[in-house]
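Novice: Structure provided below as C-alpha cells; questions to follow.
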Amino acid sequence: MFLKTFGRRIINSPALTRYNTLFTAPMVKFQRRFKSHDAGANEDHNPHELPSHGYYGTAEDDYMKLVLTIMLLPMGYYVFHQLQRFRDEADIRKLPQHLKVVDYYKAAADEIAGILEDEEHDDGSLGPLFVRLAWHASGTYDKGTNKGGSNGATMRFEPESSDPANAGLDLARERLEEVHKKFPGMSKADLWTLAACVAITEMGGPVIKWHPGRKEFDGNTISSSQKGTYVPPNGRLPDGSKGADHIRDVFYRMGFKDQEIVALAGAHALGRCHPERSGYKNPWTRAPTTFSNEYFKQLLETKWTKKNWDGPTQFEDPTGELMMLPADLAFIEDPEFKKYVVRYSKDEELFFKDFAKAFQKLLELGVDIHKSAPPVTYGDGTPPGPNRPTWSYW
Ligand code: HEM
C-alpha cells in the first residue's frame, strides 16, 4: 500500500511528468495497444482509441512507467557520462593519434622531469621555480567571486605578468613554453601545474594527485572579455614583509584553513630568495632542492636575528647563510600557526600527506577539473632513483 502511494507520488511529480511525456508515455501507449490487440480487444473498448482521461489511467500503467523510468535512469546517466568524457577528451586538441590521453600527460611529465636539472640555475634545479610558478598562478583565486586561479595561465598577460610578486617567473614560463611546443594538446595551465607536481616528487616530496581541465585561450592571445573574466588584479599574493593577519586574509580568501596554510608554507624548504626579484636574499634551508620538513625544523630550532643590511627586513641564522622572511616568522609567533609547525617538524610523513592534499586543492582552485579524464600521479611515492616506477594511477 505504502509502495503504491509512494510510487504514484513519484510518477506525478512535475519533473517525471515531463520525462514521461518525452520517453515513457509513448512506450506505455505502444505497450497498451499491443496488449489490447493480444487480448483480442474487449468489446466496449476500441484498442486504437485512447480513454478520455488519457492513457495514464490504470495502476498497471503507473507501475509500468515506474519500471521503465527506473530502467532508463542508469542509461541516461551513462549517456551523460560518455558525453562528458568526449568533452574532456576533445580538449586534448592535437593529441597524436597513437597516444591515449593518459600517455600524453605521462609523456609530458617525463619531458618536464628531463629538464628539471640545470647546473646553471641557482642550486642546480628548476624545480623550486616551477613550484612557485604553479603556486602564484593558482594563488590569485578569490572564492567570493570564483575568479582568479590557474585557469588560462593568465600570468602571461598584463597586469599579472608585471605583478612585482611574479618577478622571475618569466624564466619558468619560458622553459615550460619549450615543453608546450612538444605537447600543444594540453592547456598551458595544465602544463604549469603538472610541472610543479612532477618537480615536487622528483625532489623527494610526496606524490600529488593531478587532474587536467584548466582552460586555454587561443595561442598566446586573449580577448577583452576573457581578460575581464580571467586575468586577476595585482596584489592578491602574500607580502613577505607582513604578519599573521595578512597571511590569513590572503589564504582565507582562497578558502584555506590554518592547518592547510602552514602545510603549504612548508614548500619554503625549497628554493631561495633573489635580491633582483623580491629584494630578499638566501635560502631557507641547507638542502633547497630537496623536499622535506626542514623548513619547520629551522623555524623552531634556529635562533633568528634581524639581518643588518641595506635590503628589506629579513632574519638570518648565526652563519648568515639561511634566512626567514617576517612572514615566515609569523608561523612561530602566532600560537595557532605554531601548533602545526611543531606537529610537522616532528612528523614528516604527516607533513607530506597534508601538503599533498593542500597543494592539490591549491592547484584546482576555480578549475572545472576533468574528473572523467584520466587522473594521473607522477611517481609512486618511493624516493627518486633509477628503479622507481615513474607512474601510478588511482
Ligand atoms: C606566507 C606566504 C608566502 C610568502 C610571503 C612567500 C614569499 C616568497 C618570497 C618573497 C620568495 C622569494 C622569491 C624570489 O626572490 O625569487 C618566495 C620563494 C618561493 N616560494 Fe614563497 N611565499 C609564501 C608562500 C608560498 C607557498 C604557499 C608556496 C608553495 C606551496 C611557496 C613556494 C615558494 C618557492 C618554491 C620559492 C622559491 C622559488 C625559487 O627558488 O626560485 N611559497 N616566496
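A short reminder: the numbers here are calculations on the coordinates, not readings from a lab. Every value quoted in this text rests on a predicted model; they were computed, and no experiment measured them. No Cβ is skipped: glycine too gets one built from the backbone with ideal geometry, and neighbour counts run over all protein chains shown.
Novice: As a quick test, which of the pairs LYS215/LYS346; LYS188/LYS257; LYS215/LYS257; LYS306/LYS357; LYS106/LYS361; LYS209/LYS303 have an alpha carbon distance above 32 angstrom in this structure?
Specialist: LYS215/LYS346; LYS306/LYS357; LYS209/LYS303
Novice: Loop-only GluC sites (Glu not before Pro) in segment 263-368, please: DSSP not H, G, I, E or B, and at most 14 other Cβ atoms within 10 Å.
Specialist: Within segment 263-368, the qualifying GluC sites (Glu not before Pro) (loop, at most 14 other Cβ atoms within 10 Å) are GLU276, GLU321.
Novice: For segment 147-224, give the magnitude of the charge dipole about the Cα centre (Cβ charges: +1 Lys/Arg, -1 Asp/Glu; no others), in debye to the nearest 20.
Specialist: Result for segment 147-224 is approximately 280 debye, rounded to the nearest 20.
Novice: Follow-up. By a straight-distance test (C-alpha under 17 Å), which aspartates and glutamates pair with LYS143 as possible cross-link partners, with residues fewer than eight away in the same chain excluded?
Specialist: Candidates past the 8-residue exclusion: ASP249, ASP258, GLU260, GLU364, ASP368.
Novice: Rounded if a/c is under 1.5, else prolate if a/b beats b/c, else oblate: with a ≥ b ≥ c from the C-alpha gyration tensor eigenvalues square-rooted, which is segment 104-253?
Specialist: In terms of gyration-tensor shape, oblate.
Novice: Rounded if a/c is under 1.5, else prolate if a/b beats b/c, else oblate: with a ≥ b ≥ c from the C-alpha gyration tensor eigenvalues square-rooted, which is segment 120-209?
Specialist: Cα axes put segment 120-209 in the rounded bin.
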